[in-house]
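Scroll down for the structure; my scribbles are underneath it.
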Amino acid sequence: MRNRSVTVIFGSLVLWGLITYFLISDQPVSKEQDTARVSNQISKLERRVKQEIALNQELFQNIKEDKQHKKKIDTVNGNTGGQHKDTNHVNQDKILLEKEEKDIENNNINAHEVQTDPVHLSETSHNVPIKGKLPNGSPIIAVLVFSCNRITVQRCLDQLIKYRPNVEQFPIVVSEDCQHRQTAEVIARYGNQIMHIQQPDQSDIEVPPKEKKFKGYFKIARHYGWALNHAFFELGYDTVIIVEDDLDIAPDFFEYFLGTYPLLVSDNSLWCVSAWNDNGKAGLVDENAVDVLYRTDFFPGLGWMLTRQLWTELSPKWPKSYWDDWIRQPEQRRNRACIRPEISRTRTFGKTGVSNGMFYERHLKYIKLNTEFVHFTKMNLTYLSKDNYDINFVNQVYQSTVVSFSELKNGKVMAPGAVRIPYYSRQAYKTTAKQFGLMDDFRSGVPRTGYRGVVTFFYKGRRVHLAPSANWNGYDITWS
Ligand SMILES: *[C@@H]1O[C@H](CO)[C@@H](O)[C@H](O)[C@H]1NC(C)=O
(Lines give C-alpha, C1' and ligand atoms only; values in the text may rest on other atoms or scores of the structure.)
Protein backbone atom coordinates (compact mmCIF):
# COMPACT_ATOMS: atom_id res chain seq x y z
CA MET A 1 0.00 0.00 0.00
CA ARG A 2 2.64 2.49 1.06
CA ASN A 3 4.83 1.52 -1.86
CA ARG A 4 2.00 2.21 -4.26
CA SER A 5 1.20 5.59 -2.80
CA VAL A 6 4.89 6.52 -3.03
CA THR A 7 4.82 5.62 -6.73
CA VAL A 8 1.67 7.68 -7.27
CA ILE A 9 3.14 10.75 -5.51
CA PHE A 10 6.37 10.35 -7.44
CA GLY A 11 4.55 10.07 -10.77
CA SER A 12 2.31 13.06 -10.24
CA LEU A 13 5.29 15.18 -9.18
CA VAL A 14 7.19 14.36 -12.35
CA LEU A 15 4.10 15.16 -14.41
CA TRP A 16 3.59 18.45 -12.59
CA GLY A 17 7.23 19.35 -13.10
CA LEU A 18 7.07 18.63 -16.83
CA ILE A 19 3.85 20.59 -17.37
CA THR A 20 5.18 23.62 -15.53
CA TYR A 21 8.44 23.35 -17.44
CA PHE A 22 6.65 23.51 -20.79
CA LEU A 23 4.35 26.32 -19.67
CA ILE A 24 7.34 28.43 -18.72
CA SER A 25 9.53 27.55 -21.67
CA ASP A 26 6.62 28.42 -24.02
CA GLN A 27 6.76 32.11 -23.17
CA PRO A 28 8.55 34.32 -25.65
CA VAL A 29 12.00 35.31 -24.49
CA SER A 30 13.70 38.28 -26.01
CA LYS A 31 16.38 39.83 -23.90
CA GLU A 32 19.35 38.25 -22.21
CA GLN A 33 17.97 39.27 -18.84
CA ASP A 34 14.70 37.43 -19.49
CA THR A 35 16.64 34.35 -20.48
CA ALA A 36 18.52 34.47 -17.26
CA ARG A 37 15.36 34.88 -15.23
CA VAL A 38 13.55 32.08 -16.97
CA SER A 39 16.50 29.71 -16.75
CA ASN A 40 16.70 30.58 -13.11
CA GLN A 41 13.05 29.69 -12.60
CA ILE A 42 13.48 26.47 -14.51
CA SER A 43 16.48 25.41 -12.50
CA LYS A 44 14.58 26.26 -9.33
CA LEU A 45 11.73 24.05 -10.47
CA GLU A 46 14.07 21.33 -11.54
CA ARG A 47 15.67 21.49 -8.12
CA ARG A 48 12.32 21.22 -6.40
CA VAL A 49 11.29 18.21 -8.45
CA LYS A 50 14.67 16.57 -7.81
CA GLN A 51 14.37 17.26 -4.10
CA GLU A 52 10.91 15.70 -4.04
CA ILE A 53 12.13 12.68 -5.94
CA ALA A 54 15.07 12.27 -3.60
CA LEU A 55 12.76 12.63 -0.62
CA ASN A 56 10.41 10.00 -1.99
CA GLN A 57 13.26 7.62 -2.62
CA GLU A 58 14.55 8.19 0.87
CA LEU A 59 11.07 7.56 2.27
CA PHE A 60 10.81 4.38 0.27
CA GLN A 61 14.25 3.29 1.48
CA ASN A 62 13.27 4.02 5.04
CA ILE A 63 10.11 1.95 4.78
CA LYS A 64 12.28 -0.96 3.69
CA GLU A 65 14.90 -0.32 6.36
CA ASP A 66 12.22 0.09 8.94
CA LYS A 67 11.00 -3.45 8.29
CA GLN A 68 14.50 -4.88 8.61
CA HIS A 69 15.13 -2.74 11.59
CA LYS A 70 12.08 -4.00 13.47
CA LYS A 71 13.37 -7.54 13.05
CA LYS A 72 16.79 -6.63 14.35
CA ILE A 73 15.76 -4.42 17.20
CA ASP A 74 14.98 -7.16 19.70
CA THR A 75 18.26 -8.95 19.21
CA VAL A 76 20.55 -5.94 19.53
CA ASN A 77 18.66 -3.77 21.95
CA GLY A 78 20.49 -4.58 25.15
CA ASN A 79 23.81 -4.33 23.39
CA THR A 80 24.29 -0.69 22.49
CA GLY A 81 24.90 1.27 25.62
CA GLY A 82 27.69 2.19 27.94
CA GLN A 83 30.50 0.12 26.49
CA HIS A 84 33.92 1.09 27.62
CA LYS A 85 36.08 1.90 24.64
CA ASP A 86 39.43 0.23 24.32
CA THR A 87 40.89 1.82 21.24
CA ASN A 88 43.58 -0.81 20.84
CA HIS A 89 41.26 -3.74 20.75
CA VAL A 90 40.23 -4.85 17.30
CA ASN A 91 37.07 -6.76 18.26
CA GLN A 92 35.83 -3.86 20.25
CA ASP A 93 36.33 -1.68 17.22
CA LYS A 94 34.20 -3.97 15.12
CA ILE A 95 31.43 -3.64 17.65
CA LEU A 96 31.91 0.10 17.62
CA LEU A 97 31.69 0.22 13.86
CA GLU A 98 28.54 -1.87 13.85
CA LYS A 99 27.08 0.38 16.45
CA GLU A 100 27.94 3.40 14.37
CA GLU A 101 26.29 1.88 11.33
CA LYS A 102 23.24 1.22 13.41
CA ASP A 103 23.29 4.76 14.71
CA ILE A 104 23.28 6.04 11.17
CA GLU A 105 20.29 3.87 10.37
CA ASN A 106 18.49 5.04 13.45
CA ASN A 107 19.19 8.59 12.53
CA ASN A 108 17.64 8.24 9.10
CA ILE A 109 14.58 6.63 10.51
CA ASN A 110 14.28 9.16 13.28
CA ALA A 111 14.08 12.05 10.87
CA HIS A 112 10.85 10.66 9.49
CA GLU A 113 9.44 8.90 12.47
CA VAL A 114 9.43 12.08 14.50
CA GLN A 115 6.70 13.42 12.27
CA THR A 116 4.85 10.31 11.24
CA ASP A 117 4.96 7.76 14.02
CA PRO A 118 5.95 8.90 17.51
CA VAL A 119 5.54 5.36 18.86
CA HIS A 120 8.92 4.40 17.41
CA LEU A 121 10.78 7.19 19.12
CA SER A 122 11.64 5.30 22.24
CA GLU A 123 12.76 2.28 20.26
CA THR A 124 15.06 4.06 17.88
CA SER A 125 16.59 6.84 19.96
CA HIS A 126 20.13 6.01 20.95
CA ASN A 127 22.24 6.66 23.97
CA VAL A 128 24.63 9.35 22.75
CA PRO A 129 23.36 12.73 23.90
CA ILE A 130 23.47 15.28 21.08
CA LYS A 131 25.67 18.27 21.76
CA GLY A 132 23.88 20.71 19.51
CA LYS A 133 23.37 24.02 21.32
CA LEU A 134 24.64 26.01 24.26
CA PRO A 135 22.10 26.91 26.96
CA ASN A 136 21.70 30.30 25.26
CA GLY A 137 20.69 28.63 21.98
CA SER A 138 23.91 29.35 20.12
CA PRO A 139 25.29 26.33 18.22
CA ILE A 140 28.11 24.15 19.47
CA ILE A 141 30.58 23.67 16.62
CA ALA A 142 33.36 21.13 17.15
CA VAL A 143 36.69 21.71 15.43
CA LEU A 144 38.07 18.38 14.24
CA VAL A 145 41.82 18.58 13.58
CA PHE A 146 43.35 15.84 11.43
CA SER A 147 46.85 14.93 12.43
CA CYS A 148 49.28 12.25 11.33
CA ASN A 149 53.06 12.52 11.52
CA ARG A 150 53.78 16.24 11.48
CA ILE A 151 54.76 17.82 14.77
CA THR A 152 53.92 21.18 13.19
CA VAL A 153 50.35 20.41 14.20
CA GLN A 154 51.45 22.56 17.13
CA ARG A 155 51.39 25.68 14.95
CA CYS A 156 47.81 24.95 13.95
CA LEU A 157 46.65 24.13 17.50
CA ASP A 158 48.30 27.23 18.96
CA GLN A 159 46.34 29.42 16.57
CA LEU A 160 43.05 27.60 17.12
CA ILE A 161 43.41 28.02 20.87
CA LYS A 162 44.54 31.62 20.56
CA TYR A 163 41.59 32.72 18.42
CA ARG A 164 38.93 30.51 19.97
CA PRO A 165 36.37 32.89 21.51
CA ASN A 166 34.60 30.31 23.66
CA VAL A 167 35.80 26.91 24.87
CA GLU A 168 32.30 25.44 25.34
CA GLN A 169 31.11 26.57 21.95
CA PHE A 170 34.13 25.39 19.98
CA PRO A 171 35.52 22.17 21.48
CA ILE A 172 38.72 21.17 19.67
CA VAL A 173 39.05 17.47 18.92
CA VAL A 174 42.43 16.37 17.60
CA SER A 175 42.25 13.08 15.75
CA GLU A 176 45.58 11.39 15.40
CA ASP A 177 46.38 8.70 12.87
CA CYS A 178 49.74 7.03 12.09
CA GLN A 179 50.88 6.44 15.70
CA HIS A 180 53.77 8.86 15.32
CA ARG A 181 55.27 9.14 18.80
CA GLN A 182 56.59 12.72 18.63
CA THR A 183 53.32 14.03 17.19
CA ALA A 184 51.31 12.24 19.86
CA GLU A 185 53.52 13.83 22.51
CA VAL A 186 53.03 17.30 21.07
CA ILE A 187 49.27 16.83 21.10
CA ALA A 188 49.27 15.40 24.63
CA ARG A 189 50.93 18.57 25.95
CA TYR A 190 47.74 20.54 25.34
CA GLY A 191 46.06 18.69 28.19
CA ASN A 192 42.39 19.47 28.59
CA GLN A 193 42.42 22.44 26.23
CA ILE A 194 41.67 19.89 23.55
CA MET A 195 40.30 16.37 23.23
CA HIS A 196 42.81 13.88 21.84
CA ILE A 197 41.47 10.85 19.98
CA GLN A 198 43.38 8.16 18.08
CA GLN A 199 42.36 6.32 14.95
CA PRO A 200 42.54 2.70 16.14
CA ASP A 201 42.84 0.83 12.84
CA GLN A 202 46.52 0.88 11.91
CA SER A 203 46.31 -2.23 9.73
CA ASP A 204 47.94 -2.17 6.33
CA ILE A 205 45.56 -1.12 3.57
CA GLU A 206 45.26 -3.21 0.42
CA VAL A 207 45.97 -0.88 -2.46
CA PRO A 208 45.70 -1.83 -6.14
CA PRO A 209 49.27 -2.23 -7.53
CA LYS A 210 48.91 0.76 -9.87
CA GLU A 211 48.01 3.01 -6.95
CA LYS A 212 50.77 1.94 -4.57
CA LYS A 213 52.28 5.40 -4.52
CA PHE A 214 48.92 6.87 -3.56
CA LYS A 215 48.58 4.80 -0.43
CA GLY A 216 48.59 7.97 1.65
CA TYR A 217 45.26 8.94 0.14
CA PHE A 218 43.77 5.64 1.27
CA LYS A 219 44.94 6.26 4.81
CA ILE A 220 43.55 9.78 4.79
CA ALA A 221 40.14 8.58 3.64
CA ARG A 222 40.09 5.88 6.33
CA HIS A 223 41.05 8.44 8.96
CA TYR A 224 38.39 10.91 7.82
CA GLY A 225 35.71 8.24 7.82
CA TRP A 226 36.56 7.06 11.29
CA ALA A 227 37.03 10.47 12.88
CA LEU A 228 33.85 11.97 11.44
CA ASN A 229 31.84 8.96 12.56
CA HIS A 230 33.39 9.39 15.97
CA ALA A 231 32.72 13.13 16.19
CA PHE A 232 29.11 12.92 15.05
CA PHE A 233 27.91 9.55 16.29
CA GLU A 234 30.06 8.86 19.36
CA LEU A 235 30.77 12.34 20.68
CA GLY A 236 27.37 13.54 19.53
CA TYR A 237 28.29 16.81 17.84
CA ASP A 238 25.82 18.31 15.41
CA THR A 239 28.22 20.52 13.47
CA VAL A 240 31.92 20.06 12.76
CA ILE A 241 34.63 22.21 11.21
CA ILE A 242 37.36 20.12 9.60
CA VAL A 243 40.91 21.44 9.87
CA GLU A 244 44.10 19.75 8.73
CA ASP A 245 47.31 19.92 10.70
CA ASP A 246 49.06 22.24 8.22
CA LEU A 247 46.61 25.15 8.28
CA ASP A 248 47.11 28.67 9.54
CA ILE A 249 43.86 30.37 10.46
CA ALA A 250 42.67 33.98 10.34
CA PRO A 251 41.71 35.89 13.51
CA ASP A 252 38.02 35.82 12.50
CA PHE A 253 38.05 32.11 11.57
CA PHE A 254 35.54 31.19 14.31
CA GLU A 255 33.42 34.29 13.72
CA TYR A 256 33.20 33.40 10.03
CA PHE A 257 31.83 29.93 10.72
CA LEU A 258 29.50 31.11 13.46
CA GLY A 259 28.13 33.86 11.23
CA THR A 260 27.50 31.54 8.27
CA TYR A 261 26.10 28.69 10.38
CA PRO A 262 22.44 29.88 10.09
CA LEU A 263 22.76 29.87 6.29
CA LEU A 264 24.17 26.36 6.23
CA VAL A 265 21.34 24.92 8.28
CA SER A 266 18.52 26.88 6.63
CA ASP A 267 19.43 26.69 2.93
CA ASN A 268 19.11 23.14 1.58
CA SER A 269 21.07 24.06 -1.51
CA LEU A 270 24.17 24.58 0.65
CA TRP A 271 26.21 21.68 1.93
CA CYS A 272 29.31 23.32 3.30
CA VAL A 273 30.97 26.51 4.39
CA SER A 274 34.63 26.71 3.47
CA ALA A 275 37.28 29.11 4.70
CA TRP A 276 39.20 28.75 1.46
CA ASN A 277 39.30 30.71 -1.80
CA ASP A 278 41.01 28.50 -4.40
CA ASN A 279 41.97 31.60 -6.39
CA GLY A 280 42.68 33.71 -3.32
CA LYS A 281 46.19 34.82 -4.24
CA ALA A 282 47.28 38.36 -3.51
CA GLY A 283 46.62 40.24 -6.74
CA LEU A 284 43.51 38.19 -7.54
CA VAL A 285 41.43 39.30 -4.54
CA ASP A 286 40.00 42.65 -3.51
CA GLU A 287 41.90 43.37 -0.32
CA ASN A 288 39.24 45.88 0.74
CA ALA A 289 36.40 43.40 0.34
CA VAL A 290 37.28 41.49 3.49
CA ASP A 291 33.61 40.87 4.32
CA VAL A 292 32.47 39.67 0.90
CA LEU A 293 31.33 36.05 0.57
CA TYR A 294 30.28 33.96 -2.41
CA ARG A 295 28.52 30.75 -3.29
CA THR A 296 30.54 28.17 -5.17
CA ASP A 297 29.71 24.89 -6.88
CA PHE A 298 33.31 23.82 -6.41
CA PHE A 299 33.93 22.06 -3.10
CA PRO A 300 36.98 23.89 -1.70
CA GLY A 301 37.76 21.94 1.49
CA LEU A 302 40.73 23.30 3.48
CA GLY A 303 38.91 24.38 6.62
CA TRP A 304 35.24 23.55 6.09
CA MET A 305 32.08 23.08 8.10
CA LEU A 306 29.50 20.33 7.69
CA THR A 307 26.44 19.16 9.59
CA ARG A 308 25.46 15.81 11.02
CA GLN A 309 22.76 15.64 8.37
CA LEU A 310 25.32 15.70 5.56
CA TRP A 311 27.59 13.23 7.30
CA THR A 312 24.67 10.85 7.83
CA GLU A 313 24.16 10.96 4.08
CA LEU A 314 27.83 10.51 3.08
CA SER A 315 29.05 8.17 5.78
CA PRO A 316 27.50 4.90 4.50
CA LYS A 317 29.15 5.31 1.09
CA TRP A 318 32.39 6.99 2.17
CA PRO A 319 35.14 6.02 -0.31
CA LYS A 320 38.41 4.16 0.35
CA SER A 321 40.54 6.92 -1.17
CA TYR A 322 40.60 10.31 -2.92
CA TRP A 323 37.64 11.47 -0.85
CA ASP A 324 37.85 15.10 -2.03
CA ASP A 325 37.42 14.26 -5.70
CA TRP A 326 34.75 11.76 -4.78
CA ILE A 327 32.77 14.34 -2.84
CA ARG A 328 32.89 16.62 -5.91
CA GLN A 329 31.14 14.06 -8.10
CA PRO A 330 27.54 14.90 -9.07
CA GLU A 331 26.21 11.85 -7.17
CA GLN A 332 27.53 13.33 -3.93
CA ARG A 333 27.24 17.03 -4.59
CA ARG A 334 23.71 16.87 -5.95
CA ASN A 335 23.88 20.46 -7.16
CA ARG A 336 24.65 21.84 -3.75
CA ALA A 337 27.02 24.74 -3.20
CA CYS A 338 29.42 25.95 -0.52
CA ILE A 339 30.00 29.42 0.87
CA ARG A 340 33.53 30.72 0.32
CA PRO A 341 35.16 34.03 1.22
CA GLU A 342 36.82 36.63 -1.01
CA ILE A 343 39.87 36.40 1.23
CA SER A 344 40.76 33.02 2.69
CA ARG A 345 40.42 32.38 6.40
CA THR A 346 42.93 29.54 6.17
CA ARG A 347 46.27 29.09 4.49
CA THR A 348 48.32 25.95 4.22
CA PHE A 349 51.89 26.09 5.48
CA GLY A 350 52.80 22.47 4.89
CA LYS A 351 54.66 21.77 1.73
CA THR A 352 55.61 18.25 2.69
CA GLY A 353 52.64 15.99 2.70
CA VAL A 354 50.73 13.50 0.68
CA SER A 355 49.89 15.95 -2.06
CA ASN A 356 52.39 17.39 -4.44
CA GLY A 357 55.01 19.85 -3.14
CA MET A 358 55.07 21.55 -6.54
CA PHE A 359 51.48 22.57 -6.11
CA TYR A 360 52.44 24.30 -2.89
CA GLU A 361 55.39 26.13 -4.44
CA ARG A 362 53.48 27.26 -7.49
CA HIS A 363 50.17 28.11 -5.98
CA LEU A 364 49.15 27.45 -2.36
CA LYS A 365 52.04 29.48 -0.99
CA TYR A 366 50.60 32.69 -2.47
CA ILE A 367 47.12 32.44 -1.01
CA LYS A 368 46.42 35.55 1.03
CA LEU A 369 45.29 34.94 4.60
CA ASN A 370 42.82 37.49 5.97
CA THR A 371 44.13 39.64 8.81
CA GLU A 372 41.23 42.00 9.48
CA PHE A 373 38.50 40.85 11.88
CA VAL A 374 35.03 40.90 10.31
CA HIS A 375 31.98 40.66 12.59
CA PHE A 376 30.10 38.14 10.46
CA THR A 377 27.62 37.27 13.21
CA LYS A 378 26.39 40.88 13.16
CA MET A 379 26.05 41.05 9.38
CA ASN A 380 22.98 40.43 7.27
CA LEU A 381 24.08 37.48 5.14
CA THR A 382 20.72 36.67 3.55
CA TYR A 383 22.11 37.84 0.22
CA LEU A 384 23.85 34.45 0.10
CA SER A 385 20.71 32.35 0.17
CA LYS A 386 20.10 30.81 -3.23
CA ASP A 387 16.93 32.68 -4.08
CA ASN A 388 18.49 36.07 -3.44
CA TYR A 389 21.94 35.28 -4.72
CA ASP A 390 21.22 33.64 -8.06
CA ILE A 391 19.09 36.42 -9.47
CA ASN A 392 21.56 39.13 -8.46
CA PHE A 393 24.55 37.12 -9.54
CA VAL A 394 23.21 36.28 -12.99
CA ASN A 395 22.19 39.91 -13.51
CA GLN A 396 25.54 41.26 -12.41
CA VAL A 397 27.53 38.82 -14.50
CA TYR A 398 25.57 39.09 -17.73
CA GLN A 399 24.99 42.82 -17.61
CA SER A 400 28.69 43.50 -17.24
CA THR A 401 30.81 44.77 -20.13
CA VAL A 402 32.51 42.14 -22.27
CA VAL A 403 36.27 42.65 -22.53
CA SER A 404 39.37 40.69 -23.50
CA PHE A 405 42.37 39.80 -21.39
CA SER A 406 44.70 42.13 -23.28
CA GLU A 407 42.31 45.09 -22.99
CA LEU A 408 42.18 44.56 -19.25
CA LYS A 409 45.89 43.99 -18.90
CA ASN A 410 46.75 47.13 -20.84
CA GLY A 411 44.22 49.31 -19.04
CA LYS A 412 42.14 49.87 -22.19
CA VAL A 413 38.76 49.36 -20.51
CA MET A 414 37.02 52.69 -19.92
CA ALA A 415 33.58 51.58 -18.63
CA PRO A 416 33.48 51.44 -14.81
CA GLY A 417 32.44 48.41 -12.82
CA ALA A 418 32.65 44.69 -13.26
CA VAL A 419 33.63 43.13 -16.57
CA ARG A 420 33.14 39.78 -18.21
CA ILE A 421 35.36 37.58 -20.32
CA PRO A 422 33.30 34.92 -22.05
CA TYR A 423 34.51 31.37 -22.62
CA TYR A 424 32.80 28.78 -24.75
CA SER A 425 35.14 25.80 -24.52
CA ARG A 426 37.31 23.97 -22.04
CA GLN A 427 40.46 25.10 -23.82
CA ALA A 428 39.36 28.74 -23.94
CA TYR A 429 38.74 28.62 -20.20
CA LYS A 430 42.14 27.12 -19.49
CA THR A 431 43.98 29.59 -21.71
CA THR A 432 42.38 32.63 -20.07
CA ALA A 433 42.74 31.19 -16.57
CA LYS A 434 46.47 30.70 -17.17
CA GLN A 435 46.87 34.28 -18.39
CA PHE A 436 45.47 35.59 -15.10
CA GLY A 437 47.26 33.04 -12.92
CA LEU A 438 44.00 31.38 -11.89
CA MET A 439 43.69 27.67 -11.22
CA ASP A 440 42.81 26.16 -14.57
CA ASP A 441 41.66 22.67 -13.58
CA PHE A 442 38.18 21.16 -13.47
CA ARG A 443 36.83 18.56 -11.06
CA SER A 444 33.71 16.76 -12.23
CA GLY A 445 33.49 19.52 -14.82
CA VAL A 446 33.49 22.36 -12.28
CA PRO A 447 36.25 25.00 -12.40
CA ARG A 448 37.67 26.13 -9.05
CA THR A 449 35.44 28.72 -7.33
CA GLY A 450 32.95 28.35 -10.22
CA TYR A 451 29.30 29.17 -9.66
CA ARG A 452 26.91 28.43 -12.51
CA GLY A 453 30.07 28.07 -14.57
CA VAL A 454 31.27 31.59 -13.66
CA VAL A 455 34.66 32.13 -12.05
CA THR A 456 34.77 35.49 -10.31
CA PHE A 457 37.98 37.18 -9.20
CA PHE A 458 39.66 40.58 -8.93
CA TYR A 459 42.20 42.06 -11.30
CA LYS A 460 43.68 45.56 -11.45
CA GLY A 461 40.97 47.12 -9.31
CA ARG A 462 38.05 45.41 -11.02
CA ARG A 463 35.72 42.50 -10.48
CA VAL A 464 36.13 40.09 -13.40
CA HIS A 465 33.78 37.27 -14.34
CA LEU A 466 35.16 34.51 -16.49
CA ALA A 467 31.78 33.32 -17.74
CA PRO A 468 30.15 30.79 -20.06
CA SER A 469 27.22 31.70 -22.28
CA ALA A 470 24.14 33.19 -20.60
CA ASN A 471 22.06 30.12 -21.39
CA TRP A 472 24.53 27.84 -19.65
CA ASN A 473 22.75 24.69 -18.58
CA GLY A 474 25.08 22.70 -16.38
CA TYR A 475 28.64 21.46 -16.03
CA ASP A 476 30.16 19.11 -18.58
CA ILE A 477 31.82 16.33 -16.66
CA THR A 478 34.08 15.51 -19.64
CA TRP A 479 35.88 18.83 -19.10
CA SER A 480 37.77 17.38 -16.13
C1 LIG B 1 18.77 41.54 4.99
O2 LIG B 1 19.00 41.73 3.61
C3 LIG B 1 17.89 41.40 2.78
C4 LIG B 1 18.35 41.54 1.36
O5 LIG B 1 19.31 40.59 1.04
C6 LIG B 1 16.71 42.26 3.11
O7 LIG B 1 15.61 41.89 2.32
C8 LIG B 1 16.38 42.10 4.59
O9 LIG B 1 15.34 42.98 4.92
C10 LIG B 1 17.59 42.37 5.44
N11 LIG B 1 17.27 42.07 6.83
C12 LIG B 1 17.56 42.91 7.81
C13 LIG B 1 17.19 42.45 9.18
O14 LIG B 1 18.10 43.98 7.63
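The values are calculated or read from the model by the stated rules, or taken from the named source; none is laboratory data. None of the values given here were measured: they were computed from a predicted structure. Cβ atoms come from the backbone with ideal geometry, glycine included; neighbour counts cover every protein chain shown.
Listed values, structure above:
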{"read-out": "Residues of region 359-382 satisfying the condition of being within 16 Å of the ligand (Cβ to nearest atom) and surrounded by fewer than 13 Cβ atoms within 10 Å (Cβ to Cβ)", "value": "His375, Lys378, Asn380"}
{"read-out": "From Gly417, Gly474, Gly437, residue being more than 26 Å from Arg328 (Cβ to Cβ), outside the structural domain of Leu284 (by the TED database) and away from the ligand (no atom under 16 Å from the Cβ)", "value": "Gly417"}
{"read-out": "Out of Glu407, Glu342, Glu313, sole residue that is assigned by the TED database to the domain that holds Asn149 and over 30 Å from His223 (Cβ atoms)", "value": "Glu342"}
{"read-out": "Failed item in (1) charged (D, E, K, R); (2) out of contact with any strand residue (DSSP E or B) (no Cβ under 9 Å at 6 or more places or on another chain); (3) under 22 Å from Leu160 (Cα atoms), with Lys219 passing the rest", "value": "(3)"}
{"read-out": "Hits in region 286-344 - residues which are aromatic (Phe, Trp, Tyr) and assigned to a strand (DSSP E or B)", "value": "Tyr294, Trp304"}
{"read-out": "Inter-residue pairs, beta-carbon under 8 Å, first aromatic (Phe, Trp, Tyr) and in a loop (DSSP other than H, G, I, E, B) and in region 113-142, second modelled with pLDDT of 95 or more and surrounded by 13 or more Cβ atoms within 10 Å (Cβ to Cβ), 6+ apart", "value": "none"}
{"read-out": "Residue in region 399-412 that is buried (at least 19 other Cβ atoms within 10 Å of the Cβ), modelled with pLDDT of 95 or more and away from the ligand (no atom under 16 Å from the Cβ) present", "value": "yes"}
{"read-out": "Among (1) on the phi > 0 side of the Ramachandran plot; (2) outside any loop (DSSP other than H, G, I, E, B) - the single one Gln179 does not satisfy", "value": "(2)"}
{"read-out": "Tabulated pairs, region 161-173, first farther than 15 Å from Ala231 by Cα, second in a helix (DSSP H, G or I), C-beta under 7 angstrom, 6+ apart or interchain", "value": "Ile161/Gln193; Tyr163/Phe253; Tyr163/Phe254; Arg164/Phe254; Pro165/Phe254"}
{"read-out": "Region 227-254, residues that are part of a loop (DSSP other than H, G, I, E, B) and of a type in the set (A, V, I, L, M)", "value": "Leu235, Ala250"}
